[in-house]
Each structure stands twice: as structure tokens, then as C-alpha cells.
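Quick notes on the structure that follows.
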Amino acid sequence: MTSSLSLLTLFRLPPSNDCSPSNPSINHRRAVVFPSKKWRCSISPGQPPPPPPKQRQRQSKNSESGEKGIDPVGFLSKSGITHKGFALYLRERYKSYKDLKDEILKRHIDFRDMASGFELLGMHRNLQHRVDFMEWAPGARYCAIVGDFNDWSPTENSAREGHFGHDDYGYWFVILEDKVRDEEQPDELYFQQYNYTDDYDKGDTGVTADEIFQKANDEYWEPGEDRFIKSRFEIIAKLYEEIFGPNGPQTKEELEEIPDAETRYKKWKEEHKDDPPSNLPCYDVIDSGKEYDIFNVIDDPVSKAKFRAKKPPIAYWIETRKGRKSWEKKYAPAIPHGSKYRVYLNTPNGPLERIPAWATYVNPEVEGNQGYAIHWEPPPEDAYKWKHKKPKVSKSLRIYEAHIGISGSDPKIASFNEFTEKVLPYVKQAGYNAIQLIGIPEHKDYFTVGYRVTNMFAVSSRYGTPEDFKRLVDEAHGLGLLVFMDIVHSYSAADEMVGLSLFDGSNDCYFHTGKRGQHKFWGTRMFKYEDLDVLHYLLSNLNWWVVEYNVDGFNFHSLASMMYTHNGFASFTGDMEEFYNQYVDRDAILYLILANEILHTLHPKIITIAEDATLYPGLCEPTSQGGLGFDYFVNPRASEMWLSFLENVQDSNWSMSKIVNTLVEISKSPDKMLLYAENHNQSISGGRSFAEILYGKSSVMNESLLRGCSLHKMIRLITYTIGGRAYLNFMGNEFGHPKRVEFPMSSNDFSFSLANRDWDLLAKEGVHQDLLSFDKDMMNLENSERIVSRWLPNIHHINDTNMVISYLRGPFLFIFNFHPTNSYEKYNVGVEEAGEYQVILNTDEKKYSGQGSIGPDQKVRKTISRRVDGMRNCLEVPLPSRSAQAYKLTRILRV
């Protein structure tokens, strides 16, 4: 994808391994702004005169962005959009985006720093036998850490007064010093460092710091260079003796005026002209009688190059580090691994205890009591070690959407480990190449499915530990599966005790105030995307999941909620003005553009998916061309259409044109479209799954069940093969799971009976086993033939009367007969290449719970030289009712 992020970054810094908040420059990262001078320029002879005003205006219009390759309205012509108002809006939006970047670079050294707040904020182990804690709470007056390690005392571990404890932006800094054990002495070096994790035994050599410093003096410094190291007070002593010694001036009158620097230098030069050569670098001063010549210093090129080639003696300093064993022997951790803690804030409205916003492990609710964060710092031998590399990103995505908690068969919440051991191998065998997990970030209320996030940097503790989730991701990578996450940055939970709402006592910390800060229908809080600190939090959250857990991409949930002030609950007529009127939140769109640019710059192989019901123009266009920069966009109208047909329209009244238009025609970028027949929304959001609608409770093959099986297979096959290069299926729907999903809540007496998946159905011969077999073979069309990744569909036959749809995808022909009763013995459909076509997938086969109407002798068909459907040749195929076939051109006939 094309990214313009690096064009505004004038310099890049390598990633820093020092994540310690003890760095004094952390709170003072500011851009140095030099005052500009106004210069008057004149044209010298021989130079061309300036262009006339009209020509200058035209030149500035052609290079309006000021950057090569940037066109704020570039995608409009590609998409066939000629709306002038929207084009003007895109240009204004791009100017706002440039201003936003400039504001970011005034406070952060680069965009990587902007998206790496997790390296500083939250709880971090410092190499200097302490733990550092940082939090953003601009409305607070006092900040402390309380927990079971200090008996929940609000005074024992608090931020210092003044700028040592907080800065002007509202960031608080608390140091938790490790405690020296009994019978142990504090370190001699104030800045003594320890290896806690990496090579945690390295450093326990018994060599003292004095011996290392002596080694550095002997090995690093050359003769003469260590003169002032060995005699640090030589110059000071001489100066003191000269002024205050017995031979110095005794009265004020005897204290002569100190000569200027030039006079002192010439005097020193005269006194040392007969000195022997020295190993020290040779410096001299140019003095040709001009003013300021005294500042022109020259040196010996040889000694200068030698000095520059000498590396800093950092290796000796690192050698002074001690190992983890030494630290464990001398110190008791200030906050042990597994400790419970909260942040204590004193606000104008009184004291508050909150779960830190950057906490990485949280227990949101304990038997009705207030939740708490858990300090997660496992010893190195217990920390998870990555084993597998990330798999390559395929040109086509077959995504298996899953929820960890309901992935088990038992009526309880399943765990990360259970999912890793049981579900991941199944997904691999089923032919999918990616999983998309919903409900991973911590959320207080289980019945919200994970969409009301309370703690964005923490994996949900109800499923396991952070190490368990790392193992899940690593094992998925080992199986060749990409791991995507549903990320919810469009709103946040309104919970005040666990989440971010009223975090520091003020109503405008992370969110808008008033009505704009509340979702109109869901009661959730809406982020304040124009605030740089909120952007810092959200961008760092995206980068955190990639850096810490190696996830491969994100599905951005419910973008309409954040892109419009009406939260997407408005009637869209298709008028372009609806995408740039007063209800569009420009700051939210700028955040999405920035998030895509930063993610794709820091992690070039990342995948971002836009879930926007309004299909905002330019979702998957490059940001350099005025787009939002996503890799794929979800087409939610497909599942809505199928659900409407199944519930409200008789089979004989299904419109083939509407099916094709819904699945294909809306897309200006078909290769970027992600389609699904049904995802979790149909079965979770109070509705029924397709299988529940089609089959009911019947498991015996009859006319009703035969109809359900046929439509189940046809709907999935056409959705998978007619669209773009991405397809999604929700866990269990591939084999027709007969029950919907219903999370435990008060309305069902908190029952888990519907909050699971009945995997035992696959152990029995019958419909569910046959449907899974069909789904596997459908997925294998891509594995064996690369049908989806190599070609886009060419739809050439739509017959509403016969209820037949046919299209080509390279050398493959797909034909669907949705008619409930009419079968066709020889149905004519056009093909371009003459030859033999063989059936490679047939929904009506008996092994898929079909009727087996097409015999073995009918599976190979030869073309007829006759123009049909605008194609040069014709193929006569048997077409049973409610069936679909996929043909492959196996032999080309030359005419």
C-alpha cells in the first residue's frame, strides 16, 4: 500500500531498547522551532522573471500537497466520482491532516514514538532495581499507587512534588524502589543496574565496579588522555591556589582584571612553546585580525579522525550490570509479580481509585467489588518464548471468526489453552488461513461479547493469562494461520470504576463532554479524537498488540459509530453530501488515516479491515491518494440480504439481480472486499443463525432439511466465489450449528446453555458432518486451484426467470440454480474458451447431503461452437433445482 507517512518525517531514529521511564528527556520532548527571518530577494541578470499571477496559481494547484506522489483527491477519478463538494472536502481534510502531523512532531520525536506510549506508561521494571509507573490524569492533583503490596496505602508510593512527579501535560510519574533485604548492604554505585530478563544470569562474575573502572582506564584511554581522569581536580586546585593561595592576591586592589580569552590563550601558547610533543589532540586558533576569529578553532585531522573513530566506553558500563540472581539475593521487589493494585488520584471532586489505563492484566470485577490491575512480571523462566515465525500473508484471506469464551462444548467459559489445543487444529484442517478473534481486550460485562472494552491494553483475564494468549498466537502461526483481532476504537465502555469514563474525575479526559460524548443508542462513551494524548493512547494500543502479542491485523469494529456524530444511525440515501456534511467527524477520520499510515509504516505486512456499514468512499484507497488506507472493507449488506430472503421472501421470489448487485456491484474495488454469508451478528445480536432458520430442530432428512442443506451450501459458495479476495465465516456456521449464541445474562438467569459450540455433532454421521465436508472442499478450491487469488469474477449470465446465475473466474465456471422446483437437463451458458469442462465441486452430491442428480457420465462437458451470453462458445450443463456446480477447463480445443 502507498503511504505518505515517511514523507513528513524528516529523520528517523532506530528503535530504542531502553524503555525505562527514568530517561529525563521523556517529559521534555519538544521540537526546536527556530524563528524565521523575512528575506528580500532580487533577480540577478540572466535569471527568468517570475511567472505571471495566473501561471503561479496554476503551478501551486498542481502541487497543492507540496509533496511528491501526494494527491488528496487522487482516488476520485479512479472511482468515477466527480462531486466537486466532496473533492473540496478532501483537500481541506488533507490540510488538516498535515497540521495534525505537525502538531504531533512538536511533542514527539517521530511517529514511532507517538505510537509507542506503552514503552513508558503503565508499570515497567527499571534496570536500577526499581519499578516505574506513569499515568495520564490531567485532572488529578495527587497520584499514588495502592495495592496489596503496601496495604493499599495512598501515601507510601506517591508521585513527587513538582516536575519530578508530573509534567504540564498531566502525566504522573511514580517510582517504586525495591527494598534491600535484611543483612544486605545497598549498592555502592547509585546507578547500579541488573539484568532481570534477558540473559538473567549474565553479570554474576564477582568482579567489582572499581575493578571494571580500572580496566576501562587501562584499556580504553591512551597515554595522556586519562590525565584528567586520574587527577580530576587538577585544574580546580591550580585555579584555587592561584586565586586564594599564599602567592595569590591579598587585597582587592591586587586582584587584577582577568584578561580576555585571546590574551590568556596567547600567553599560554608562549609559555608552552618548548613543551615536548603530547598524545593529546592538537588544537589551534585562527587569528587574522578579524572580529570573531578567536572562535575559529582548527585541529589536527589525524587526531580528529582518531577521536571520532573511538566508540564510547558503554561496554564497560554494561559490564558493571549484575544478574538476576544478585538482584534476588540483595532486594525484595517493590511490587511482586501477581500483586493487585490500583492508581489513587486526588481530584477536585475528592479521592478516586482507578484501574490504570495502561494496565496489561486486569481482573475487572471480583464478586461485586471494585476490580483491580494485576502486576504481570513473570520470572524469565516462566515467560513465554516465541517459537514460530509469522506466516506469509496470502493474496486471499479465508478467515475463521471465533470467540474464545464460547469455543468449548461445556456450559462454561472456555480458555485460551483450550482454544489452542482443540480449535486451532480444527481450523487448519478445515482449510482456513486466518482466524479473527472477538472479545480479546478486557471487558467487564461478559454478555457484551467484548465490544464494551474497559481496559484496552489487557487481554481478558477470564480466558487466561497474557502468556496463554501469546502461546495461542504462536501456535496459530506454527499452523500457518494469521491472527486478526477485533479492535474497538469507535467507542468505549461507560463504566467508571473499571474503564476510562471520568478517569481523573473530569468528564473530558478521554471523551467528549455533553451529548457528543455519549453514544446515542448504546450508552457508551465517544473518544475525543482531536486530543493528542487520546491519539497517543489509541495509536499506542494498536502498536501494543502487534509488538507484544505478534497479531497480524485488525478488524476495526463499527466505524460508522465514530465517523459520524449521529453514530451511523441515520438514513443514507447515497448522496455524496452525506459523507462530508456537518454530521461527519473529521477528527475521527483523520485518526483512521493516521492509524493506517503508522501501522503500515511500522509493520509493512499488517492487515487492516474496515467494518463500515455506510461504505465510506475511499476506505481502501491509499492515504496518499485521499483514501483511508485500509487493506479490506467489509460488505455487511450481503448477510443482511441473505437473512431478509430467508425470513421474509418465498424461495420462488428470490431476485437473482439483487443477489448479484448486493454481492458485487457496490464495490469499486472488488479485490479489496470481504464478504460473509453470516457472521456472529446474526446469531449473537438477538437473532437466529441461518441453520436455525433453515433446519429448525429437525435432524432427519426430509424435504425441509434437504431445502435447508441445499440453500446453506449455495449461499456460502456464491458468497465465497463471486466477491473479492477475502471471505469470513463465524465459528460453527460452516457445519450448520443448529443453535444461536446467547451469552449469560439476567434475562436467561445467567445460563451458559447457549454460550458454547456443540462440536459433538461432527462425531455423528449426518447433515452436520456432510456440511463440514462441503465447506472443506470449498476452501480447498483456493488451496488447490488458487481460484480466488488469481482471478476476479466475470459475471455474464443473470436470469431472474429461470433463477440462474453464472460467472467465470479464469478457466473456472460457476453456475447456480436457485429455483426451488425447476431442474434443467441441458442449460445453455456461455464460455469463452472451447474445450472440455469437468465438475470439480457439486453441491448436490450425496456426500454433501444432496440428491446426487448428476451422474458420473455427466461431469465432463464439451463446448458447442455457438455464441451465448456474449461468449464465443456454449456449454450445455445439467442443472438440478437448488444446486450449484463449479467447472474447470481441463482441455482446450483448438478450432
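The values are calculated or read from the model by the stated rules, or taken from the named source; none is laboratory data. Because the structure is predicted, anything quoted here is derived from the model rather than measured. Note that we place each Cβ from the backbone using ideal geometry, even for glycine, and neighbour counts take in every protein chain shown. Just the protein is used for accessible areas: all its heavy atoms, side chains included, with ligands, DNA and RNA removed. Shrake-Rupley method; radii C 1.70, N 1.55, O 1.52, S 1.80 Å.
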ask   = For region 545-656, list the helices (runs of 4 or more DSSP H) that sit wholly inside it and hold at least 2 residues that are of a type in the set (Val, Ile, Thr); which are they?
value = 586-602
key: residue 421 vs. criteria outside any strand (DSSP E or B), farther than 30 Å from residue 496 by Cβ and modelled with pLDDT under 95   = no
task = Tell me, please, whether a residue that is in a helix (DSSP H, G or I), hydrophobic (A, V, I, L, M, F, W, C) and touching a strand residue (DSSP E or B) at 6+ places or on another chain (Cβ under 6 Å) can be found in region 754-767.
result = no
Elements of type strands (runs of 3 or more DSSP E) in region 70-154, at least 1 residues being in contact with a helix residue (DSSP H, G or I) (Cβ under 7 Å, 6 or more places away or on another chain) = 130-136
task = Please state which one of 431, 371 is in a strand (DSSP E or B) and either in contact with a Cys (Cβ under 7 Å, 6 or more places away or on another chain) or open to solvent by less than 10 Å² (accessible area, probe 1.4 Å) (or both).
result = 371
request  = Please identify the pairs in which a residue from region 140-161 that is closer than 20 Å to residue 178 by Cβ has its Cβ atom under 8 Å from the Cβ atom of a residue that is open to solvent by 50 Å² or more (accessible area, probe 1.4 Å) and in a strand (DSSP E or B), counting only partners at least 6 apart or on another chain.
outcome  = 146/353; 147/340; 148/340; 158/142; 159/142; 159/166
key: Failed item, numbered, when residue 569 is tested on (1) surrounded by fewer than 23 Cβ atoms within 10 Å (Cβ to Cβ); (2) without any contact (Cβ under 8 Å) to a residue 40 or more places away in the chain   = (2)
query = Which residue pairs have Cβ atoms under 9 Å apart, sit 6 or more places apart or on different chains, and have a first residue in region 76-93 that is of a type in the set (Asp, Glu) and a second that is assigned to a helix (DSSP H, G or I) and surrounded by 13 or more Cβ atoms within 10 Å (Cβ to Cβ)?
reply = 92/586
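Considering each of 401, 377 in turn, give the residue that is open to solvent by less than 10 Å² (accessible area, probe 1.4 Å), outside any helix (DSSP H, G or I), charged (D, E, K, R) and closer than 19 Å to residue 549 by Cβ.
Within the list 401, 377, the selection yields 401.
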Residue match in region 787-794 (condition: open to solvent by 10 Å² or more (accessible area, probe 1.4 Å), assigned to a loop (DSSP other than H, G, I, E, B), touching a Lys or Arg at 6+ places or on another chain (Cβ under 6 Å) and modelled with pLDDT under 95) = yes
request  = Just one of (1) open to solvent by 40 Å² or more (accessible area, probe 1.4 Å); (2) among the acidic types (Asp, Glu); (3) modelled with pLDDT of 95 or more trips up residue 382, so point out which.
outcome  = (3)
ask   = When region 340-368 is examined, which residues are found to be open to solvent by less than 10 Å² (accessible area, probe 1.4 Å) and among the small types (Gly, Ala, Ser)?
value = 357, 359
task = Any chance you could count how many residues in region 858-895 are touching a residue at least 24 places away in the same chain (Cβ under 8 Å), in a loop (DSSP other than H, G, I, E, B) and within 17 Å of residue 848 (Cβ to Cβ)?
result = 3
query = Pick from region 510-530 the residues that are outside any loop (DSSP other than H, G, I, E, B) and within 19 Å of residue 450 (Cβ to Cβ): which of them is nearest to the chain's Cα centre (by Cα)?
reply = 527
ask   = Scanning region 465-509 for residues that are of a type in the set (S, T, N, Q) and assigned to a loop (DSSP other than H, G, I, E, B), which turns out nearest to residue 355 (Cα to Cα)?
value = 501
Filtered residues of region 846-858 (kept if open to solvent by less than 60 Å² (accessible area, probe 1.4 Å) and more than 45 Å from the chain's Cα centre (by Cα)) = 852, 854, 855, 858
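Looking at region 155-171, which of its residues are of a type in the set (Phe, Trp, Tyr) and part of a loop (DSSP other than H, G, I, E, B)? Walk me through how you get there before you give the answer.
Applying the first criterion (of a type in the set (Phe, Trp, Tyr)) to region 155-171 yields 164, 169, 171.
Correct list: 169 only.
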ask   = Can you name the condition, by its number, that residue 160 falls short on among (1) closer than 27 Å to residue 321 by Cα; (2) over 33 Å from the mean Cα position of the chain (by Cα); (3) of a type outside the set (Phe, Trp, Tyr)?
value = (1)
request  = Give region 442-461 a look and list any residue that's free of Cβ contacts under 8 Å to residues at least 60 places away in the same chain, part of a loop (DSSP other than H, G, I, E, B) and surrounded by 19 or more Cβ atoms within 10 Å (Cβ to Cβ), or say none.
outcome  = 450, 453
ask   = Quick check, is residue 692 over 17 Å from residue 676 (Cα atoms), in contact with a Lys or Arg (Cβ under 8 Å, 6 or more places away or on another chain) and touching a residue at least 40 places away in the same chain (Cβ under 8 Å)?
value = yes
Condition met for residue 161 (open to solvent by 20 Å² or more (accessible area, probe 1.4 Å) and farther than 30 Å from residue 105 by Cα) = no
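For residue 533, state whether it is open to solvent by less than 20 Å² (accessible area, probe 1.4 Å) and either in a strand (DSSP E or B) or touching a residue at least 40 places away in the same chain (Cβ under 8 Å) (or both).
Values: open to solvent by less than 20 Å² (accessible area, probe 1.4 Å): yes; either in a strand (DSSP E or B) or touching a residue at least 40 places away in the same chain (Cβ under 8 Å) (or both): yes.
For residue 533, the condition - open to solvent by less than 20 Å² (accessible area, probe 1.4 Å) and either in a strand (DSSP E or B) or touching a residue at least 40 places away in the same chain (Cβ under 8 Å) (or both) - is met.
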inquiry  = Out of 540, 506, I need the residue that is touching a residue at least 12 places away in the same chain (Cβ under 8 Å) and open to solvent by less than 10 Å² (accessible area, probe 1.4 Å). Which one?
reply    = 540
key: Subset of region 752-786 that is among the acidic types (Asp, Glu), modelled with pLDDT under 95 and closer than 21 Å to residue 402 by Cβ - its residue that is most open to solvent (accessible area, probe 1.4 Å)   = 760
request  = Considering each residue of region 741-770, count those that are touching a Cys at 6+ places or on another chain (Cβ under 9 Å) and polar (S, T, N, Q), and give that number.
outcome  = 0
query = Checking residue 213 against (1) part of a helix (DSSP H, G or I); (2) touching an Asp or Glu at 6+ places or on another chain (Cβ under 7 Å); (3) modelled with pLDDT of 70 or more, which single condition isn't satisfied?
reply = (2)
inquiry  = For region 172-210, give me each residue that is part of a helix (DSSP H, G or I) and open to solvent by less than 40 Å² (accessible area, probe 1.4 Å).
reply    = 209
